[in-house]
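S.K.: If you scroll down you'll find the structure; I have some questions about it.
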């Protein structure tokens, strides 16, 4: 995938969105070129100043709008914003060239087609009402004696106008056809990928069940207390893995998730204990401070995945001999978990793309651990699904602190 400099990073991160953005940019560039060429022809033919200026202004607006895409997270919002400007230009052309008798009124059909093909239903309805109101207003003014300029019958002008109209129509159809074809291919790939994920996660249940079975038949009579604690921790970790697998497969496959109440402290203790070896290998002091009994009712396995990813990252990116602190406290409206590391912190650029998919941040693991650039993306996605808020509240060269805030309304009294 070649890089397009005007498409912002958050569009580049998703190949499908990037391709659609690039097609739309090419289309708008075509519109800009057409209007620029017509403006040049108008100048050469010494056509009316106002129409020449409007045509040239439309070309400049098209060029500027190409670079506006980086300021929109959604392509749909970008398209709607850009065509809003085109509507204004078309309204001006229609009024100048004779009201309802103007050839330019057909351009409104193109803009409404763009709305229908590329934007939400409410956007289409909105602009359909605006166009209807515009036409009714011109009709009312005409009926009450307001004189618009007569339509231009100059053959050169009409030929250019029709050329632009059909060229724009062709551009819109080509872009839509390209995006639609690629969309069908992407949908097929997405379905195949989902099927593969279902198969993999389903097959992963078998090893976890076997581990549980081996733990159950293990003779514990001659084991020391610390060995029994390790076995119990293995069992809890295995249970968490099974729960995560089931949550990935979804409630539609394994029944609806029943609401349960559990203690946040128990979860944090189990996760912290499971990472003791990793922390010890890097001489990291891993501390846990639980302020109170926090009873939760959010999805337990999704919350475990969030905390697991954050704690894993804290250990992975902390300096050897450093410290990772996990603490909790409760406010009037929220229960909060703070995870503080002793890593290099995040740059300003990092903060802008922190939770985006597949992006490489400036910090590197300090113990040659692998990093797939997905952990924080997964954290953000899961937190939105279960109604909690995760944010970076502090970052410096001495370390960073992430906060997981669980609203009081989702807690079980």
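Rule-based calculations on the coordinates, nothing more; no lab input. The shown structure was predicted, so the numbers you read here are calculated from the model rather than taken from an experiment. Virtual Cβ from ideal backbone geometry, glycine too; neighbours counted across all protein chains shown.
S.K.: Could you list log10 I(q)/I(0) for region 258-410 at q = 0.15 Å⁻¹, which the Debye formula gives when each Cα is one point scatterer?
M.R.: After summing over all Cα pairs, the log10 values are -0.76.
S.K.: Right, something else. I need 266, 294 ordered by Cβ neighbour count within 10 Å, fewest first.
M.R.: On the way: 266 13, 294 21.
Exposure proxy ranking, most exposed first: 266, 294.
S.K.: Mind ranking 378-386, 227-235 by how tightly packed they are, going by the mean number of other C-beta atoms within 10 angstrom, highest first?
M.R.: On the way: 378-386: 17.2, 227-235: 13.3.
Averaged packing, sorted descending, gives the order 378-386, 227-235.
S.K.: Highest mean first, how do 137-143, 54-60 rank when packing is the count of other Cβ atoms within 10 Å averaged over residues?
M.R.: On the way: 137-143: 12.9, 54-60: 19.0.
In descending order of packing, they fall as 54-60, 137-143.
S.K.: Tell me, what is the FRET efficiency for residue 125 and residue 48 to the nearest 0.05, using R0 = 35 angstrom and their Cβ-Cβ distance as r? List each step's numbers first, then the result.
M.R.: Numbers: r = 35 Å, r/R0 = 1.01.
E(calc), rounded to 0.05, equals 0.50.
S.K.: Could you state the number of Å between the C-alpha centres of region 27-72 and region 371-390?
M.R.: Taking the Cα centre of region 27-72 as reference, the centre of region 371-390 is 43 Å away.
S.K.: Right, something else. Starting from the Cα of residue 327, step 7 Å toward the Cβ, then list every residue of region 384-406 with an amide N under 16 Å from that point.
M.R.: Inside the label zone: 393-395, 399-405.
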